[in-house]
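The values are calculated or read from the model by the stated rules, or taken from the named source; none is laboratory data. As the structure is a prediction and not an experimental result, all values here were calculated from the model. Don't worry about glycine lacking a Cβ; one is built from the backbone with ideal geometry, like all the others, and counts go over all protein chains shown. Calculation scope for accessible area: heavy atoms of the full protein, side chains included, ligands and nucleic acids excluded. Shrake-Rupley method; radii C 1.70, N 1.55, O 1.52, S 1.80 Å.
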Amino acid sequence: MRSSWEPLARHKDIPDDLRPLLCETGSLTALLRLQCRILHVEVLSEQVLQLEGEVQAILGCDSALCREVVLYCDDIPVVYGQSWLPDSAVALGLNNIGTTPLGERLFDQQAWQRGAIEVATLDKKQLPSFFPVNETLNREFCHARRSVFTRQNSKVLVCEIFLNGVKV
């Protein structure tokens, strides 16, 4: 996702209803589980891609597994997630994730440390063609956050876009 990412502290136009989610430094998965009876993950895509530009610079490698998912609370899509997992992260236990939320693996293995949260406001026109646009119709823009998780010499980039159904 290409956008103008900026540190959370400098982002001033966060809607009140999204502030708790964008600012959450713990597990977003755990926070969402408190809000619904059933949380499930739909895997949209998992493929190894050649990296370019910013993602390549962040992860310090040439290729990574790009995992794209939608998290549902009680059958309502609430978060689109895009994660970049280099081979070094897969070797550290982030393999065979399937429909398990990545957040469960990152926070269950306390060796992963979250870096600073960055946020962005995305125009719906910028979103990929497969993105669940119908879930973002209440707003012209979507709010997103990203952060890098580090363990040993490995990094994982996690980006999340918040959809209309999300509540805390």
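Mind telling me which of the residues Leu34, Leu49 ends up being aliphatic (A, V, I, L, M) and either under 23 Å from His143 (Cβ atoms) or in contact with a Pro (Cβ under 9 Å, 6 or more places away or on another chain) (or both)?
Leu34
Does the range 134-157 include one or more residues that are at pLDDT below 95, farther than 24 Å from Ser63 by Cα, among the hydrophobic types (A, V, I, L, M, F, W, C) and touching a helix residue (DSSP H, G or I) at 6+ places or on another chain (Cβ under 6 Å)?
Yes: one or more hits.
Can you find, within the range 116-133, the residue that is modelled with the lowest pLDDT among those that are in a strand (DSSP E or B) and open to solvent by less than 40 Å² (accessible area, probe 1.4 Å)? Steps first, please.
Step one: of the range 116-133, the residues in a strand (DSSP E or B) are 118-123.
Narrowing further to those that are open to solvent by less than 40 Å² (accessible area, probe 1.4 Å): 119-120, 122.
Values: Val119: 91, Ala120: 87, Leu122: 80.
Within the range 116-133, the match that is modelled with the lowest pLDDT is Leu122.
So which residues in the range 64-115 are over 13 Å from Val156 (Cα atoms), in a loop (DSSP other than H, G, I, E, B) and touching a residue at least 60 places away in the same chain (Cβ under 8 Å)?
Residue satisfying the conditions is Pro101 alone.
Suppose we filter the range 33-63 for residues that are surrounded by 14 or more Cβ atoms within 10 Å (Cβ to Cβ), outside any strand (DSSP E or B) and either without any contact (Cβ under 8 Å) to a residue 24 or more places away in the chain or in contact with a Leu (Cβ under 7 Å, 6 or more places away or on another chain) (or both); how many remain?
So the answer is 7.
Can you tell me which residue is least open to solvent (accessible area, probe 1.4 Å) among those in the range 64-78 that are among the β-branched types (Val, Ile, Thr) and at pLDDT below 90?
Ranking the candidates gives Val78 first.
Can you name every residue in the range 2-32 that is open to solvent by less than 30 Å² (accessible area, probe 1.4 Å) and either under 27 Å from Gln110 (Cα atoms) or of a type in the set (Asp, Glu) (or both)?
Across the range 2-32, the qualifying residues are Leu18, Leu21, Leu22, Gly26, Ser27, Leu28, Thr29, Leu32.
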